[in-house]
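First the structure, in the form of structure tokens, and then the observations on it.
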Amino acid sequence: LLKAGRIVVSDRYFFSSLAYQSASCGKEIPRLVNSPFPLPEVLFYFEINPEISLKRVESRDGKREIYEKIDYQKKTAALYDEVISEYENNPDGMKIVRVDATKSIEEISDFIYNTLINLKILR
């Protein structure tokens, strides 16, 4: 689809693999496994405090997945921050946009849409 000039959107990709998989097995293997994948043109990094995130999870139905525990979420958040900081000034032209994920769905949607317009990805 990229070769055809289409926009491709993914909600989990290279960076979540590095953060989540590194939390359980270290950084080397996830980097090796994910190294063939191209970097995105734009990465929206949704920042949220793990405690707030888990409160949202509990408000859904009270059930948590095995990885939805505060210690694991804090560790993963720290790994995400590390990975994002590492790639923030990359020479490949990828744009990282930090998103305040505590905002409403409407505010976040508007922010992303306007960012894509400003970056001339959407017209």
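The values are calculated or read from the model by the stated rules, or taken from the named source; none is laboratory data. In this text the structure is predicted, and so the values were computed from the model without any measurement. Here the Cβ is made from the backbone with ideal geometry for all residues, glycine too, and neighbour counts use every protein chain on show. The accessibility values were calculated without ligands, DNA or RNA, using every heavy atom of the protein model including side chains. Shrake-Rupley method; radii C 1.70, N 1.55, O 1.52, S 1.80 Å.
Here are the numbers for this structure:
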item: Condition broken by Lys69, with the remaining ones in (1) under 19 Å from Val99 (Cα atoms); (2) open to solvent by 80 Å² or more (accessible area, probe 1.4 Å); (3) without any contact (Cβ under 8 Å) to a residue 24 or more places away in the chain satisfied; result: (1)
item: Selection status of Phe37, in contact with a helix residue (DSSP H, G or I) (Cβ under 6 Å, 6 or more places away or on another chain) and open to solvent by 90 Å² or more (accessible area, probe 1.4 Å); result: yes
item: Count of residues meeting criterion [surrounded by 11 or more Cβ atoms within 10 Å (Cβ to Cβ) and at pLDDT below 90] in the range 87-100; result: 4
item: Breaking point among (1) surrounded by 15 or more Cβ atoms within 10 Å (Cβ to Cβ); (2) more than 13 Å from the chain's Cα centre (by Cα), for Ser17; result: (2)
item: The listed residue being over 19 Å from Ile121 (Cβ atoms), free of Cβ contacts under 8 Å to residues at least 24 places away in the same chain, surrounded by 10 or more Cβ atoms within 10 Å (Cβ to Cβ) and out of contact with any helix residue (DSSP H, G or I) (no Cβ under 9 Å at 6 or more places or on another chain), out of Arg56, Arg60; result: Arg56
item: Flag for Tyr45 being within 22 Å of Arg6 (Cα to Cα), part of a helix (DSSP H, G or I) and aromatic (Phe, Trp, Tyr); result: no
item: Scan of the range 109-123 for residues that are out of contact with any helix residue (DSSP H, G or I) (no Cβ under 9 Å at 6 or more places or on another chain) and in contact (Cβ under 8 Å) with a residue 60 or more places away in the chain, ordered by number; result: Ile112, Thr115, Leu116, Leu119
item: Members of the range 89-116 that are within 14 Å of Phe46 (Cα to Cα) and either among the small types (Gly, Ala, Ser) or assigned to a loop (DSSP other than H, G, I, E, B) (or both); result: Ala101, Thr102, Lys103, Ser104, Ser109
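Every residue, every condition in (1) outside any helix (DSSP H, G or I); (2) farther than 20 Å from Leu116 by Cβ; (3) modelled with pLDDT under 90, yes or no:
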| site | (1), (2), (3) |
| --- | --- |
| Tyr20 | no, yes, yes |
| Ser24 | no, yes, yes |
| Glu58 | no, yes, yes |
| Arg64 | yes, yes, yes |
| Tyr67 | yes, yes, yes |
| Ala78 | no, yes, no |
